[in-house]
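Structure first, commentary second.
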Amino acid sequence: MPNKLPLRLGIAGLGTVGSEVARLIETQGAELARRAGRDVIVTAVCARDKNKKRSCVLNGAAWVTNPVELATHKDVDVVIELIGGSEGVARELAVATLKAGKPFITANKALLAHHGVELATFSQTHNVPLYFEAAVAGGVPVVKTLRESLAGNVIKEIYGILNGTCNYILTTMRETGKAFAVVLADAQKLGYAEADPTFDIDGMDTAHKLAILSSLAFSTPVNLSEMSVSGIRNISLADISFADELGYRIKLLGVSRLTNKGLMQRVSPYMVPLSAQLAHVEDALNAVYIEGTSVGPLTLIGRGAGSGPTASSVLGDIIDVANGGAPPAFGVSVTNLKPIKSLPDSDSVGAFYVRLMVADEPGVLADMATILRDERISIQSLLQKGRNEVGPVPVVFITHDSNESAMAQALAKLSKMPSVLEAPCVIRILPH
């Protein structure tokens, strides 16, 4: 028989996402009740400023001073954490909620990237759900897709555009011809980038999300510590222009691929060929490519941030809780999460885009070719721009697949050439 008692929610954090979740529960109550099989109501909340003007009304909801109180609040059945941060009160609330035998819903990717296995263990031990659809790619339902819809597949690889801020910056640089620093400042004014954008532009936000996706895709414990991470600070307008000329778009990608030597997890700028769907995912959109043994290639595209998309995923998790769903947090029981040896960058193989700024003098290309030959690196294509009697000229080449350690050796030697006047710019190329 349907459960006639309402599902009572406690929300920790009433920022843009928390307020939108509460507002949608208020305004779409009848539809949510139809999908949940019972009423869904907010009965308790916690936020820094009780008097702040918000988009939600919260009539009848109790205010608590400490978020952790929600875990044992007598009128709360489900706790929703929208505070953020990997440590402190967010972690305390998660542990206390699961230990109290209550479902826990979060949009906190940092918490899961650092403590996902610990929380999954508490979830399994106390037989209560841990849901986190909103933690990765906002409104794009990639967590449910991996955990449930693709459970009958062996996943070969997963990669994607997981940070809307970086995608917006790279898109705007290409479309406007403005430099990175200028576009970043504009993005901060428009609210696309934080006042301190370090986590976004240096790749850590993407790394947190990729760690969660890798665990779901490959049934392995979340492993952030051995991931290779770099961001987009050093991407220049010259590289974006050369990418267009060569048939690519530059995207910051999180890439996870299972090889016969181990699991490769990397966050890095990539040259994405124009023939790939991800090359055309622009502005602040997110996209995730998944390849499974049965489903084949699958791409999910949508808004990866913002109050509406993120709240949409939180509401989806609430409906799942109301309907009694409780799949293992990472798709399999904690005991079946098996560590996979990490593949170091030095053992990876792939093609590269390399831009060198060199003195315009005879013999430079011959010297470069000798270094590349000695490291057994072959060139697929090469661009050399016109003469410049004043300053350096760019030499750009695309390699065939090469071992990363060989490329590192070659770059070290190229950097020492007297005719090479700036540090080389190197960007990996996403395979076709």
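The values are calculated or read from the model by the stated rules, or taken from the named source; none is laboratory data. Here the structure is a predicted model, which is why all the values come from computation and not from measurement. Cβ atoms come from the backbone with ideal geometry, glycine included; neighbour counts cover every protein chain shown. These area figures cover heavy atoms from the full protein model, side chains too; ligands, DNA and RNA do not enter into them. Shrake-Rupley method; radii C 1.70, N 1.55, O 1.52, S 1.80 Å.
Quick one: is I41 surrounded by 17 or more Cβ atoms within 10 Å (Cβ to Cβ) and over 28 Å from the mean Cα position of the chain (by Cα)? Criteria met by I41. Among the residues of region 327-355, the one identified as among the basic types (K, R) and farther than 20 Å from K209 by Cα is R355. Taking the criterion of being out of contact with any Leu (no Cβ under 9 Å at 6 or more places or on another chain) and farther than 30 Å from S275 by Cβ, the residues of region 388-412 that qualify are N388, E389, V390, Q409, A412.
Yes or no: region 61-76 includes at least one residue that is touching a Lys or Arg at 6+ places or on another chain (Cβ under 9 Å) and either polar (S, T, N, Q) or closer than 29 Å to A287 by Cα (or both). Yes, there is a match, as at least one residue in region 61-76 is touching a Lys or Arg at 6+ places or on another chain (Cβ under 9 Å) and either polar (S, T, N, Q) or closer than 29 Å to A287 by Cα (or both).
Each row is one residue, and each column tells you yes or no for (1) open to solvent by less than 10 Å² (accessible area, probe 1.4 Å); (2) in a helix (DSSP H, G or I); (3) in contact with a strand residue (DSSP E or B) (Cβ under 7 Å, 6 or more places away or on another chain).
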site	(1), (2), (3)
K189	no, yes, no
K209	no, yes, yes
I212	yes, yes, no
A217	no, yes, yes
L224	no, no, no
D239	yes, yes, yes
D244	no, yes, no
R249	no, no, yes
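Summed over region 304-326, the residues that are open to solvent by less than 30 Å² (accessible area, probe 1.4 Å) and of a type in the set (S, T, N, Q) give a count of 2.
Here the condition is being assigned to a loop (DSSP other than H, G, I, E, B), modelled with pLDDT under 90 and over 30 Å from L150 (Cβ atoms); of G325, G391, it holds for G391 alone.
Identify, please: which residue in region 283-303 is within 16 Å of the chain's Cα centre (by Cα) and surrounded by fewer than 17 Cβ atoms within 10 Å (Cβ to Cβ) and is, among those, modelled with the lowest pLDDT? My answer is D283.
Among E133, E148, which is the only one that is in contact (Cβ under 8 Å) with a residue 40 or more places away in the chain, surrounded by fewer than 23 Cβ atoms within 10 Å (Cβ to Cβ) and of a type in the set (D, E, K, R)? Before the answer, list the steps.
Values: E133 fails: surrounded by fewer than 23 Cβ atoms within 10 Å (Cβ to Cβ).
One residue alone meets the criteria, E148.
Which of the residues that make up region 260-280 are of a type in the set (S, T, Y), buried (at least 22 other Cβ atoms within 10 Å of the Cβ) and more than 17 Å from the chain's Cα centre (by Cα)? If the condition is that a residue be of a type in the set (S, T, Y), buried (at least 22 other Cβ atoms within 10 Å of the Cβ) and more than 17 Å from the chain's Cα centre (by Cα), then no residue fits. Looking only at residues in region 1-23 that are open to solvent by less than 20 Å² (accessible area, probe 1.4 Å) and of a type in the set (A, V, I, L, M, F, W, C), which one is farthest from the chain's Cα centre (by Cα)? Taking the candidates together, the pick is L7. If we keep just the residues of region 273-316 that are polar (S, T, N, Q) and assigned to a strand (DSSP E or B), which is nearest to I11 (Cα to Cα)? Selected residue: N286. Looking across region 271-317, the residues that are farther than 30 Å from I398 by Cα and hydrophobic (A, V, I, L, M, F, W, C) come down to V295, A305, A311, V314, L315. Considering only region 365-393, state which residues are open to solvent by 50 Å² or more (accessible area, probe 1.4 Å) and of a type in the set (D, E, K, R). Within region 365-393, D367, R373, D374, R376, K385, R387, E389 qualify. Scanning region 333-344 for residues that are part of a loop (DSSP other than H, G, I, E, B), surrounded by 14 or more Cβ atoms within 10 Å (Cβ to Cβ) and touching a helix residue (DSSP H, G or I) at 6+ places or on another chain (Cβ under 9 Å) yields L337, I340, P344.
When residues in region 345-364 are screened for being over 24 Å from S268 (Cα atoms) and exposed (fewer than 14 other Cβ atoms within 10 Å of the Cβ), 3 of them pass. Whenever a residue of region 37-51 is over 15 Å from R8 (Cα atoms), its partners that are of a type in the set (F, W, Y), lying with C-beta atoms within less than 9 angstrom and at least six residues away or across chains, give the pairs A47/W63; K50/W63.
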